[in-house]
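The values are calculated or read from the model by the stated rules, or taken from the named source; none is laboratory data. Because the structure is a prediction, the values reported are computed rather than measured. Quick reminder, even Gly has a Cβ in these numbers, built from the backbone with ideal geometry, and neighbours come from all protein chains shown.
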Amino acid sequence: MAEQRRGLGRGLSALLDEVDPALADAGPGRGASEIELSQIEPNPDQPRRSIAAPELEALAASIREQGLLQPILVRPLGAGRYQIVAGERRWRAAGAAGLAAIPALVRELDDRQVLEIGIVENVQREDLNALDEAQAYQTLIERFGHTQAAVADAVGKSRSHIANTLRLLQLPQSVREHVLSGRLTAGHARAVAAAPDPQALAERIVAASLNVREAESLAREAAGKAPKPSRAGGKDADTAALENDLAEVLGLVVEISDKGGKGELKVRYETLEQLDDLCRRLTRT
């Protein structure tokens, strides 16, 4: 089963290459067809729940000027109808720009593949807020019977990242609203989730504009835990904290070895999909 998931992951990654504006030219030569906007409908299970109006307006202005340079990905629904798999923002912006039809890649995909592609696309582009990401992982677990390990393989993240992200769904609603509004980052939210009284700690962090490391320190203090020790090899607390910060962003294990301002940064991956995701991030322009 693990090998099947890895094979599926490579297939999804290759498919996303065809619609990734940072990695591929997606003109008609790549198999895209012109489809009327009126024939296309959004996916109700789209992991990204909201698109900021200024972001949509900026993309619409670009499309008016240059056209839609990359296709969206859709699946056929029958009777000349299609459902968006990846590219809803481009579809909406194209409509706002006055286009009647747009290039689209048509692929036969099942519900599980559609959800996995939606998660991968948004996470790779950092378009999901932490709560939308957590809910998408939870949907994979509840609807399709994925384990946390299977989710990690499917979306190219570490198992610890999946587990830590899922914990955010247990936060009180008031704390979730701070995350959705941007007053708390995903790092803040993970620190708050470990505290005995997440709501009180969240309000304290917001009021004092504390950074993530300060929030983590308060969470440990509230839980009655000793300060987090530096790692083996005499690693200082700042370096260890930076490792944690990078690990949270990448969803991978990170190790920093520093000696007098020179050293090495190691990022550990467990699957080829995780390596593909890291390469996308590093080469994106």
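Restricting to segment 91-119, name every residue that is over 13 Å from Q46 (Cβ atoms) and not in a loop (DSSP other than H, G, I, E, B).
Step one: of segment 91-119, the residues over 13 Å from Q46 (Cβ atoms) are 93-110, 112-113.
Result: A93, A94, G95, A96, A101, I102, P103, A104, L105, V106, R112, Q113.
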Assess whether A186 counts as being in contact (Cβ under 8 Å) with a residue 60 or more places away in the chain, among the hydrophobic types (A, V, I, L, M, F, W, C) and buried (at least 18 other Cβ atoms within 10 Å of the Cβ). yes
Only residues that are surrounded by fewer than 24 Cβ atoms within 10 Å (Cβ to Cβ) and not charged (D, E, K, R): list them for segment 149-160, please. A149, A150, S158, S160
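Would you mind finding the one in E248, E216 that is at pLDDT 75 or above and either closer than 22 Å to H161 by Cβ or outside any helix (DSSP H, G or I) (or both)? If you could, list the steps in order and put the result at the bottom.
Values: E248 fails: at pLDDT 75 or above.
Just a single option satisfies the conditions, and that option is E216.
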From the residues in segment 259-285 that are outside any helix (DSSP H, G or I) and modelled with pLDDT of 80 or more, which one is surrounded by the fewest Cβ atoms within 10 Å (Cβ to Cβ)? K262
